[in-house]
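Report on the following structure.
The values are calculated or read from the model by the stated rules, or taken from the named source; none is laboratory data. This is a predicted model, so every value here is computed, not measured. Cβ sites come from the backbone with ideal geometry, for glycine too, and all protein chains shown count toward neighbours. Areas reflect the complete protein model, heavy atoms only, side chains present, ligands, DNA and RNA absent. Shrake-Rupley method; radii C 1.70, N 1.55, O 1.52, S 1.80 Å.
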Amino acid sequence: MIVMVAKSWWKPLVSAIGGPTTPVIIFAVFTAWMVFMAAWRSSWSSWGHAAMFAAMVWHLAAMRNMSSLMAEHSHMAHSPMHGDHTMTVDAAMHGYAVVGVPLMVALLAMAIAGLWRAVSGRAEHPDKVPTCHVVATDPVAIRLSGLADFAMAFGMFWMSTGLLAPIMPFMAHLHP
């Protein structure tokens with residue numbers, strides 16, 4: 001995910017795979033698969049992974065929309081009649097922000113649960129059959145697994161904070 005932050009990395013990647021809509025479709029298919037797996041073998045972890053994939057679809061779709069709005073604004077900026085761009089972007093992104101709130105809550109809950117496992121060393125659900133990975137049982141593996149879950153979920157949460165700015169303006173100050 002860190003590699004995807006710099007525009008010099010993600011712009012060529014998006015161009016190479018067919019434009020900004022393709023990743024949204026690909027991750028939507030992956031999300032459907034994760035929801036199916038979570039319904040098949042239900043656990044906190046499996047539903048958390050499904051929520052994480054759904055958050056990625058939401059993030060990619062919102063960024064795709066924001067990118068097209070910014071491109072429109074850059075073309076309008078040279079005309080004398082371009083109006084208030086901030087209000088236009090906030091209004092256009094409001095729906096994405098509303099949809100994003102439960103996904104952001106799920107990401108934050110996953111991050112807290114991962115951090116708790118990393119600190120406590122307690123296994124996630126040793127009695128449940130895992131859906132997509134092996135459940136760690138060794139204390140060191142439990143802590144590393146928790147730390148990895150925290151890093152992924154909190155990283156996704158932090159990268160998406162700016163997308164909630166239309167309904168929570170203070171969030172715009174948390175993200176550069």
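Put simply, of THR161, THR88 the only residue that is part of a helix (DSSP H, G or I), surrounded by 15 or more Cβ atoms within 10 Å (Cβ to Cβ), among the β-branched types (Val, Ile, Thr) and at pLDDT 80 or above is THR161. Considering the range 61-80, and only residues there that are open to solvent by 40 Å² or more (accessible area, probe 1.4 Å), hydrophobic (A, V, I, L, M, F, W, C) and closer than 18 Å to VAL99 by Cβ, the residue that is modelled with the lowest pLDDT turns out to be MET66.
Quick check on my filter: what residues within the range 97-113 are of a type outside the set (A, V, I, L, M) and at pLDDT 90 or above? Listed by number, the list holds a single entry, PRO102. Residues of the range 114-134 that are at pLDDT below 90, among the aliphatic types (A, V, I, L, M) and part of a helix (DSSP H, G or I): none at all.
Show the residue pairs that are 6+ apart or on different chains and have beta-carbon atoms under 7 Å apart, the first residue being within the range 103-119 and under 20 Å from LEU60 (Cα atoms), the second being polar (S, T, N, Q). So the pair list comes out as MET104/SER160.
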